[in-house]
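Right, one structure below, let's go through it.
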Amino acid sequence: MLRISILLISLSVIATTSLAQEARVESHIFGAQAGTSGIWLHHEARLAGQWVLRSEIGLDMGFLIGSAYYRGGFDATPVLRFEPRWYYNLKRRASKGLDSAHNSANYFSVRTSISPNFSTSSNPIVTREVFSIIPTWGARRNLGKKFHMEAGMGVGYSFETQPLQAGPFFFHSPELIGRDAIVPYVHLRIGYRF
C-alpha cells in the first residue's frame with residue numbers, strides 16, 4: 001500500500017510540474033510553413049508568459065485572372081511580416097491535459113506585412129508595394145513531434161505605398177496611387193519545426 005501511495009504522489013508531482021512548464025510559450029521556435037497561398041520561414045520569440053513576436057519571410061503566391069490589359073497566370077510576391085501574438089488559451093489547454101507544447105493553442109494577433117514592388121510571375125503583370133495590418137484570430141495544433149497545422153482568419157487594412165507598375169510602364173494616375181482597401185484574410189498552413 002505504501003508503494004502505491006508513493007507512486008501516486010510521484011505521478012501527481014510529475015504531472016503538475018509538466019503542466020506548469022507547458023503553460024508558457026516556447027522561448028524560440030524556428031520553422032517552415034506551406035499553405036494555400038505560399039511558403040514561409042518563421043521565427044517566434046517569447047516576449048512574456050503568453051506573448052510572442054513572430055517574424056516571417058516568404059512568398060505569397062496565387063493565380064491571376066486575365067483581362068484586356070494582361071493575361072492571367074501564376075504570381076509569387078516576396079513578403080516580410082511581423083506579428084505580435086497572444087496565445088490566450090495556452091494555460092487552459094495545459095490544465096485540461098491537452099497538448100500545449102510548441103505554442104499549440106488559439107491566438108489573437110496583429111499581422112503587419114510589407115510586400116516590395118517586385119513580383120515573379122508567368123507574365124509581366126501589375127506589381128505594387130503594399131503595406132497591410134490585419135487583426136487575426138487563429139489556432140495552431142501539433143501533428144506529431146515536428147509537424148503542426150495552423151489556420152487563421154481576419155479582416156484588416158491594406159495600403160499601396162507606390163504607383164502601380166505593369167511591365168515596364170508606371171501609372172501615375174491619381175486614382176491608381178495610394179489605393180487603400182479593407183481586406184479579408186484566411187490561411188491554412190502545414191508546418192515543420194526545426
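The values are calculated or read from the model by the stated rules, or taken from the named source; none is laboratory data. Quantities reported herein were computed from a predicted structural model and do not represent experimental measurements. Here Cβ is always computed from backbone atoms with ideal geometry, including for glycine, and neighbour counts include all displayed protein chains.
Below, the figures for the structure above:
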item	result
Close pairs (8 angstrom Cβ cut-off, 6 or more residues apart or separate chains): in contact (Cβ under 8 Å) with a residue 24 or more places away in the chain in the range 92-108, buried (at least 22 other Cβ atoms within 10 Å of the Cβ) and in a loop (DSSP other than H, G, I, E, B) anywhere	94/100; 103/25; 103/87; 105/87; 106/87; 107/87
Tally, over the range 93-116, of residues that are part of a strand (DSSP E or B) and of a type in the set (A, V, I, L, M)	2
Test: residue in the range 104-113 that is among the small types (Gly, Ala, Ser), surrounded by 18 or more Cβ atoms within 10 Å (Cβ to Cβ), more than 15 Å from residue 150 (Cβ to Cβ) and modelled with pLDDT of 90 or more	yes
Count of the range 128-156 residues which are in a loop (DSSP other than H, G, I, E, B) and exposed (fewer than 14 other Cβ atoms within 10 Å of the Cβ)	3
Filter pass, residue 184 being at pLDDT below 95 and in a loop (DSSP other than H, G, I, E, B)	no
Residue in the range 86-98 that is modelled with the highest pLDDT, counting only those that are closer than 30 Å to residue 60 by Cα and touching a helix residue (DSSP H, G or I) at 6+ places or on another chain (Cβ under 8 Å)	87
Of all residues in the range 73-92 being among the charged types (D, E, K, R) and not in a strand (DSSP E or B), the one that is nearest to residue 54 (Cα to Cα)	91
Checklist (1) part of a strand (DSSP E or B); (2) modelled with pLDDT under 95; (3) aromatic (Phe, Trp, Tyr) applied to residue 70, failing item	(1)
